[in-house]
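Scroll down for the structure; my scribbles are underneath it.
Please treat every number below as a calculation from the coordinates, not as lab data. For clarity, every value in this text was computed on a predicted model and none was experimentally measured. A quick note on method: Cβ atoms are made from the backbone with ideal geometry, for glycine too, and the neighbour counts reach across all protein chains shown.
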Amino acid sequence: MEQIKVFLDESEMPRQWYNIQADLPTPLRPPLHPATGQPIKAEDLAPVFPMNLIEQEVSTQRWIDIPEPVLEKYALWRPTPLYRARGLEKALGTPAKIFYKNEGVSPPGSHKPNTAVAQAYYNKVFGIKRLSTETGAGQWGSALSMACQMFGLQCRVFMVKVSYNQKPYRRSMMETWGAECIPSPSDRTQAGRKILAENPDSPGSLGIAISEAIEDAVGDPEARYSLGSVLNHVLLHQTIIGLEAHKQLEKLGLYPDVVLGCAGGGSNFAGLCLPFVRDKIHGKNVTIIAAEPTSCPTLTKGPFRYDFGDTAMTTPLLAMHTLGHDFVPAPIHAGGLRYHGMAPIVSHLLEEKLIEARAFDQVETFTAGVQWARSEGFIPAPETNHAIAAVVQEALRAKEEGKEKVILFNWSGHGLVDMAAYDAFLSGKLTRYELPDEEIRRALAATDAFPKP
Amino acid sequence: MEAHDIMARIDALETRCPKLGHEVPFGYCRREAGALPCPRALACWSHRFSVELVLRTILGPVAFEAAFGAEPKSRVQNLMEAIEAAKARCASAPQDGS
């Protein structure tokens, strides 16, 4: 029988996280204080994060010890298995060897607990009693709920109301793990009450939920705030994924030609890829790819490629013929075409040309995800499908070139709580709308029916 | 087809929201920031239908400029601003919070 999985013994689990800030060719630019324009100081963050995590946020120490209590919790699902995707290889007829880290084996089903557990631990030892956070669909909220329960912390999750109503199972997961899950906007905070006073039926937004969670933490000296992506210490905690994969491939005597992950906030991409970026900085020949949605082109149309050719900082998007030859559209800021949710470390790596980015639209990604489910069995999270679409692209390229490339990617989570998304794809709801532009224009141009804000 | 019919059809279209992690109808995106659309609405919807044309029409030039004329802030910038705003709110009403 052909080998499918490579395991590590618990004793082989990495004992340190890798901090890429020690190896960056140029240092990260520090975040600026919105009022002063000066770099943020530790005390600015102290009402929101415990000092031990703030120290990690700014640390340039290359290796940071994983505390024993965190390792004990990790051991519930770590080391995660490295799989060979032989079914997909056969389906594609590729000579490439495709490997993936299955982060879907964690209790909440994603990579998120790698940092949730660490953050809960550091808050606990700092003396914090309660963590507050926000969540959309609930992947992060459920991971933090579980982690808080593990370390005896209370957990309060402000869940965007539209998500709260639409994703009842993740809300149930949070409550099962003992968290208090509150639809946002809520009457618990000044920020929420202000929104509700203006619009009692507000469906909420991630921005409102963030404001509520932060206010909730700032207003309680025994509480702190927790974030599951973007920040340096979050990416640090996730590097255990790539460090394990390194060891597992070594057992097979292999090193990847291509390493990739999906890039939303950047934590799962960084978790697998940063240890390999380190190798690249030190001379290894490895291609590292961030796969992202065309609907949020953070990197592929990001500031470093887009703005430099756009000195006026504006880009009229609309073709003139759409609104008529005499119509000059107001400009749209180039930044408005991007998703600004990416981690600073990942953006920095792109700027340094240590990684590349590729965008895939949602039909491509779900097509790849369904192909994956039919060849490998596991149903991926919709975000994971971006990485799979990139894997398919790379594997077919290897086929064209006749090369036995080794491809490694992060299978960041299962999609068993996301079947509504698959249903939307399988029922054809995600395709381009069939109504011609001209018909939209003609109908809308003649009306004053829409109140102007 | 009447404008309201078109808007009803367009408002019911769904796409996956990269911020929330699930499907949302366009009707949510065009009101995500209160009276204004989500700053990402153009990027998220332009491959589905002429979202810019629709939003220019229903918003008017001033609101359209307010929504899309400025550089969107990064997640870290938003976080820092939210922290400062929360500190200010809690300082003015220390009994609020949990």
Given q = 0.11 Å⁻¹, what are the Debye log10 I(q)/I(0) values for chain A, with equal point scatterers placed on the Cα positions and solvent ignored?
-> -0.94
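What is chain A's relative contact order, in percent, from Cα pairs under 8 angstrom and six or more apart in sequence?
Values: 827 pairs, mean separation 81.7, N = 453.
Reported relative contact order: 18 percent.
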Compute the signed sum of charges (Lys and Arg +1, Asp and Glu -1) over the other residues within less than 9 Å, Cβ to Cβ, of residue A:255.
-> -2
Computed [θ] at 222 nm, helices only, for the protein assembly as shown once each DSSP H run of length n ≥ 4 contributes -39500 (n - 2.57) = -13000 deg cm²/dmol
Show which lysines lie in cross-link reach of residue A:129 when reach means a straight Cα distance below 18 angstrom and same-chain residues fewer than eight apart are skipped.
-> none
Relative to the longest principal axis of the C-alpha atoms of chain B, give the angle of the C-alpha long axis of helix B:51-68, reported between 0 and 90° and rounded to the nearest 10°.
-> 30
Set of lysines near residue A:353 by C-alpha distance (under 20 Å), chain-local residues within fewer than 8 positions excluded = A:280, A:284, A:301
Taking a cut-off of 17 Å between Cα atoms, list the lysines near residue A:194, but don't count ones fewer than 8 places away on the same chain.
-> A:161, B:87
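Take peptides B:43-55, A:53-65, B:79-91, A:255-267 and line them up by average Cβ neighbours within 10 Å, highest first, as a rough protection proxy. Mind showing how you got there, number by number?
Details: B:43-55: 21.8, A:53-65: 16.4, B:79-91: 19.5, A:255-267: 26.5.
Going by the mean number of other Cβ atoms within 10 Å, highest first, we get A:255-267, B:43-55, B:79-91, A:53-65.
Where Lys and Arg each count +1 and Asp and Glu each count -1, what net charge lies around residue A:151 among other residues with Cβ under 14 Å from its Cβ? Numbers along the way, then the final one.
Working: positive: A:73, A:124, A:129, A:130, A:224; negative: A:68, A:72.
Taking every Cβ under 14 Å from that of residue A:151, the sum is +3.
Which length gain, in nm to one decimal place, applies between residue A:201 and residue A:287 when the Cα-Cα distance is subtracted from 0.36 nm times their residue separation?
Details: separation 86, 0.36 × 86 = 30.96 nm, distance 4.78 nm.
Computed gain between residue A:201 and residue A:287 is 26.2 nm.
Once the other residues with Cβ under 14 Å from the Cβ of residue A:26 are scored (Lys, Arg +1; Asp, Glu -1), what is the net sum?
Values: positive: A:29, A:353; negative: A:23, A:351, A:352.
Net of charged neighbours comes to -1.
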Compute the distance in nm between two label points, each set 7 Å from the Cα along the Cα-to-Cβ direction, one at residue A:63 and one at residue B:8.
-> 6.6
Shielding by other protein chains, A:104-115, mean Cβ within 10 Å | 0
Hey, got the average number of other protein chain Cβ atoms within 10 angstrom for residues in A:39-46?
-> 1
If the chain between residue A:193 and residue A:180 were fully stretched, how many nm would it gain, using 0.36 nm times the residue separation less the Cα-Cα distance?
-> 2.8 nm
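Most exposed first by the Cβ proxy, i.e. fewest other Cβ within 10 Å, how do A:43, A:134, A:244, B:14 rank? Mind dumping the intermediate values first?
On the way: A:43 9, A:134 30, A:244 23, B:14 18.
With the fewest neighbours first, A:43, A:134, A:244, B:14 line up as A:43, B:14, A:244, A:134.
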Average beta-carbon neighbours from other chains, 10 Å sphere, peptide A:31-37 = 4
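With the contact rule set at Cα under 8 Å and sequence spacing of 6 or more, what percent relative contact order holds for chain B?
Details: 54 pairs, mean separation 13.8, N = 98.
In percent, rounded to a whole number, it is 14.
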For chain B, what is the largest minus smallest coordinate of the Cα atoms on each principal axis, given in angstrom and ordered from greatest to least?
-> 54, 30, 23
Order of A:33, A:414 under a 10 Å beta carbon neighbour criterion, fewest first | A:33, A:414
